[in-house]
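Single-structure report; data block below.
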Amino acid sequence: MQVFLSILLIALAATAPVVVYGTIMDRCSLAKEMYAMGVPKSDLPMWTCIAEHESHYNTDIVGPTNKDGTNDYGIFQINNRWWCKPSNGGKTANGCKINCNDLLGNLRNSINCALTVKKEQGWKAWATLKFCGGKLPSIDSCF
């Protein structure tokens with residue numbers, strides 16, 4: 001009976017959508033989740049590089065306060081001046097129409113907002129882009 005329950009739980013986990021709450025991911029788990037959300041495979045090396053350098057793949061991180069008094073949230077370090085509403089009610093453009101805290105630990109929200117940022121500003125929106133130039137490692141081994 002115990003073996004049956006273990007197999008059932010593994011099978012259910014394999015078919016259930018992945019929701020990540022407050023965890024540190026790795027390159028392949030992020031690539032797989034983004035691909036499952038429809039992100040083109042050709043963009044995944046850049047996204048994984050950005051996440052590595054912005055947050056070390058930490059989905060629940062708030063960066064230190066920037067010189068302009070803003071903060072960056074989540075795995076892609078989304079800025080609260082332009083893209084999300086800070087809980088302190090500070091002034092924001094809130095381009096992703098989301099509360100900044102909803103980017104913490106919620107990979108789906110972070111990916112959706114990051115895609116919005118990229119659509120509006122391109123890759124240059126991330127200061128860590130300087131680390132992601134040139135030939136990036138393939139993500140093929142992740143699939």
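The values are calculated or read from the model by the stated rules, or taken from the named source; none is laboratory data. Predicted model only: the values in this text are computed from it and were never measured. When we count neighbours, we look across all protein chains shown, and the Cβ atoms used for this are built from the backbone with ideal geometry, even at glycine. Heads up: the accessible areas ignore ligands, DNA and RNA and are worked out on the full protein's heavy atoms, side chains in. Shrake-Rupley method; radii C 1.70, N 1.55, O 1.52, S 1.80 Å.
If a residue must be modelled with pLDDT under 95 and hydroxyl-bearing (Ser, Thr, Tyr), how many such residues does the stretch 55-87 contain?
Final tally of qualifying residues: 3.
Of all residues in the stretch 92-111, how many are open to solvent by 50 Å² or more (accessible area, probe 1.4 Å) and of a type in the set (Gly, Ala, Ser)?
Going through the stretch 92-111 one residue at a time, the tally reaches 1.
In the stretch 1-54, which residue that is farther than 16 Å from Arg108 by Cβ and of a type in the set (Gly, Ala, Ser) is modelled with the highest pLDDT?
Per the stated criteria, the residue is Ser42.
Considering only the stretch 71-105, how many residues are free of Cβ contacts under 8 Å to residues at least 40 places away in the same chain, assigned to a loop (DSSP other than H, G, I, E, B) and among the polar types (S, T, N, Q)?
Adding up the residues that qualify gives 6.
If Ile111 meets every condition in (1) in contact (Cβ under 8 Å) with a residue 12 or more places away in the chain; (2) more than 30 Å from Asp140 (Cβ to Cβ) apart from one, which number is that one?
(2)
Counting only residues that are open to solvent by 30 Å² or more (accessible area, probe 1.4 Å) and farther than 21 Å from Trp123 by Cα, how many does the stretch 71-91 have?
5
Step by step: first the residues of the stretch 23-70, then only those that are of a type in the set (D, E, K, R), assigned to a helix (DSSP H, G or I) and open to solvent by 50 Å² or more (accessible area, probe 1.4 Å), then the one that is nearest to Lys85 (Cα to Cα). Which residue is that?
For the stretch 23-70, the residue satisfying everything is Glu52.
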